[in-house]
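Colleague: Structure provided below as C-alpha cells; questions to follow.
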Amino acid sequence: MSLHSSVRVLLSAYQCAPNSESVSQIGWQWYSRLAVQVPLTLVTHIRNRPALIAAGAPLGHSEIIYIDTEWFAGPLYRLATRLFPQSEHATFMLSSMDAYLYDSYAVRLLRQRQQQGQQWDVLHVVTPVTPKLATRLYHLHAPLVLGPLNGNVPNPSQFPEIMRKDSAWLYPLRSVARLPQWWWNTLEHTQAILVATRATLAGIPEKYHTRCFALLENGVDIHRFHPAPYPPPPSGDYPLRIVYIGRLIPLKAVNLLLDAVARIASHVPLHLDIIGVGAQKDTWMDMAAQLGIAEKIAWHGICTPEQMVAYLHQAHVLCLPSVRESGGGVLLEAMACARPVIALNAGGPAELVDDHVGQLLPTDNAETVITHLAVALKDIVAHPEAWAQRGRVGRERVEKEYSWEAKVKQGITLYGQLISSWQKSSL
C-alpha cells in the first residue's frame, strides 16, 4: 500500500538539523523528504529551530512543533562536558537523559492537540537512534514506528588503552538507560521497530523480533556526494592520498592510522587529509610529529559537505580506523564518491564493507590493525586499478541500497502497511 496524500504523519526527531552531526542529519533527511510527500507534523527540540529556519523550514506540507526543555538540557550538557572533557561518548550518555523529559513534554502537548481535533494516522520516532529509545507516543492511539535504531555494539576490550581514554568504566551504566523503555512499556506498544544491524537486533528482546525490520539508520545524498574519476596511480608526482573524516575522539582510533602511515612513509609517497575536530587533536598532532610524519598530514578541522566531496575526489581511499562504530555514514559518503574504503571488521562497518568495495581489517589487537592497514595502503600503490574498481562498485551499491530516496521510500511503504493493518484490527 502506498500512502495517499491525505495520510497524516507525525515525525518525532529529537535531533533534527541540516549540515550537522550524523544523528541530527538523519532527522533532517527524514523530515525534508517526507514533508514534500505527505501532510507532516514534525516534533523536535527547540535547539534545532535556528538551523531549521535557516534551511527554509517548515517545508512542503508540514508544520513544526518545538519542545523546549532547554532549562534542563543546557545545564545537563554543561555538567557532562565538565565531568568528561575527553569522552564525547560519556558526555552523550549523560546528556541524553533529556530525551525522556522531551518525550513527556511532547506527549502532553500532542494529547492536548488531539483533544482539540488534530489527528495522525501514523507515528514515527526517528531520533534518537539508541536501541534504548523510550517513548509514550503510543498514547496518541495510532501505529507507532521506532527507528532505525542502531547500537548494542560490543565493547572492544582488545583495545584497553583506547577504552580507558573513553571512560569505558561508565559503559555498564548504559543498562540503566533501559529502565524508561521498560517502565513505559514502549516496545509492547510499538508496531514496527527498524533495526540497522545484527548487533542492534540482538539487543531487542526476542519476543519483539517479529516486529523488527532491517533498515540502516544512515543514508547518503547521492547527488551531493557524486562520483569523480579515480586519481592518477600513486607516484612521486601524485602521492598516495588518504582521507579520514570524523570526530577526533579516542574511539575513532586515528592513532592506529598514524602508526600505519609512519610504517610506510619512508618508501611510499603519501599525503593524509584529516577532517574533523575533537579532544584528541593536539595529542594526535604531537604523535604525528614524534613519528616524523607531520609534514605529510593536513588537519582541516570542520569542513562543509562540498569541501568533503573535494577531498574525497582527491583521495585514493578513505580510512575509518574506529574500534567501536555503530554506523559508519562516512563510509557511504566515500562510496557514493566512488572511493574505496578501509575499516575495521566490527560493528556497523562490518555490514557495509566487503572486498568488493574496500577492505575490512582484523581486530585482534592494535598491532594487528596497524600491520594490516599498512599492507592495505601499500596494495593501493601496487594495484591502483583494482582499488579504483572497488570504488566504482561502491557507488553502484550506494545508488541501489543506501540513498536517502530509497530509504524514505521504504519507510513510506511500511507506513501504508501499518495503517492498513491498524484499520483492519479496528473493525
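Where a number appears in this text, it was derived from the coordinates with a stated rule and is not lab data. Being a predicted model, the structure only gives us computed values, none of them experimental. Glycine gets a Cβ as well: all are built from the backbone with ideal geometry, and neighbour counts include every protein chain shown.
Colleague: Can you tell me which of 193-203, 102-112, 61-71, 9-19 comes out highest on packing, and rank the rest after it, using the mean Cβ neighbours within 10 Å?
Modeller: Per-residue mean Cβ counts within 10 Å order the peptides as 9-19, 193-203, 102-112, 61-71.
Colleague: For residue 63 and residue 420 in one chain, what is 0.36 nm times their gap in residues minus the Cα-Cα distance, to one decimal in nm?
Modeller: Length difference between fully extended and current span is 126.1 nm.
Colleague: 7 Å from Cα along Cα→Cβ at both residue 214 and residue 109: what's the point-to-point distance in nm?
Modeller: So the two model labels end up 3.8 nm from each other.
Colleague: Also: Okay, helix-only estimate at 222 nm for the chain: each DSSP H run of n ≥ 4 adds -39500 (n - 2.57), divide by all residues, round to 500 deg cm²/dmol; what do you get?
Modeller: My calculation for the chain gives -12500 deg cm²/dmol from helical runs alone.
Colleague: Still on this structure, I have one more. Can you order the peptides 385-393, 115-123 by their average number of other Cβ atoms within 10 Å per residue, highest first?
Modeller: 385-393, 115-123
Colleague: While we're looking at this one, here's another question. For the stretch 240-401, what relative contact order do you get, as a whole percent, if you take Cα pairs closer than 8 Å and at least 6 residues apart?
Modeller: Worked out over the stretch 240-401, it gives 24 percent.
Colleague: Taking the number of other C-beta atoms within 10 Å as the exposure measure, put 322, 24, 96 in order starting with the fewest.
Modeller: Ordered by Cβ neighbours within 10 Å, fewest first: 96, 24, 322.
Colleague: Quick one: which residues, 5+ away or cross-chain, put their amide H under 5 Å from the amide H of residue 213? H built at 1.01 Å from N.
Modeller: 193, 194, 195
Colleague: Give the order of 378, 424 when sorted by the count of other beta carbons within 10 angstrom, beginning with the fewest.
Modeller: Listed from fewest to most nearby Cβ atoms, that is 424, 378.
Colleague: What is the chain's relative contact order, in percent, from Cα pairs under 8 angstrom and six or more apart in sequence?
Modeller: 15
Colleague: Past the 22 Å Cα-Cα mark, which pairs from 252/296; 378/400; 207/407?
Modeller: Checking Cα-Cα distances, 378/400; 207/407 exceed 22 Å.
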